[in-house]
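The values are calculated or read from the model by the stated rules, or taken from the named source; none is laboratory data. This is a predicted model, so every value here is computed, not measured. As a convention, Cβ positions derive from the backbone with ideal geometry for all residues, glycine included, and neighbour counts pool all protein chains shown.
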């Protein structure tokens, strides 16, 4: 499916800042406008990258010690917009269409495994705005590219170089799928942590849950050589997994 929509506006909100400076500079060199949450904006500005803060765009400040950053209708309308259908309403409310969302979340699994942190402190590291933006962008992947992994930046720039700053639908769907997988893994870590502290859960009653989820993470690839009837060897790929519950 061909998609010739040129990327003009990018929203960035990252916890893992690996590669984001170089990537952002490349976007700016293409005359692409960058919007960012406060922490990301601070980093980009320190590196002489022009950025529009979300709070300046929405005219609504970040609140409650950062609990409320991106949760604003102008942000999500821009991500979920279908320009051909929503052009009039976007113009009426001065909503800018977001063409790319770059986001990754607070590393909840790191904080949840710190034994010196109290429960109330750990849950403060549950990301709300990030997953919401990613879900919205992934839903609207026909119009928006969503990126959650820093190691994807290079391939995205390569495709933009080849296609005049556009990204194919096939690529958008691919990254939308990765985004939902990223959310599933993130939410599972939160579930496991809360489940351990849920003292009225089924595990205390020795009752099986209504839905049993087995969540495995690939540890490494192992190749085992096997001789076939024609005496040639072939490699069998074995993928050992470990349960994520800790």
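Taking each residue of region 30-54 that is outside the structural domain of residue 106 (by TED's automatic domain parsing) and at positive phi and looking for partners that are surrounded by 18 or more Cβ atoms within 10 Å (Cβ to Cβ) and in a helix (DSSP H, G or I) with beta-carbon atoms closer than 9 Å, six or more apart or interchain, yields nothing.
Only residues that are under 30 Å from residue 126 (Cβ atoms) and surrounded by fewer than 16 Cβ atoms within 10 Å (Cβ to Cβ) were counted across region 156-173, and they come to 1. Residues that are outside the structural domain of residue 102 (by TED's automatic domain parsing), in contact with a helix residue (DSSP H, G or I) (Cβ under 6 Å, 6 or more places away or on another chain) and modelled with pLDDT under 85 are absent from region 225-234 altogether. Taking region 20-120 as the region of interest, the helices (runs of 4 or more DSSP H) fully inside it that hold 3 or more residues being touching a helix residue (DSSP H, G or I) at 6+ places or on another chain (Cβ under 6 Å) and farther than 26 Å from residue 172 by Cβ are 108-112.
Taking the conditions (1) touching a residue at least 40 places away in the same chain (Cβ under 8 Å); (2) more than 23 Å from residue 77 (Cα to Cα); (3) over 12 Å from the mean Cα position of the chain (by Cα) in turn, residue 111 satisfies each one other than (1). Taken over region 121-134, the criterion of being within 20 Å of residue 18 (Cα to Cα) and part of a loop (DSSP other than H, G, I, E, B) is satisfied by 127 alone. Of everything in region 88-102, what is surrounded by 13 or more Cβ atoms within 10 Å (Cβ to Cβ) and out of contact with any strand residue (DSSP E or B) (no Cβ under 6 Å at 6 or more places or on another chain)? Give them in sequence order. Correct list: 90, 95, 97. Is it the case, given these coordinates, that residue 27 is surrounded by 18 or more Cβ atoms within 10 Å (Cβ to Cβ), free of Cβ contacts under 8 Å to residues at least 24 places away in the same chain and touching a strand residue (DSSP E or B) at 6+ places or on another chain (Cβ under 7 Å)? Here the answer is yes, as residue 27 does meet what is asked.
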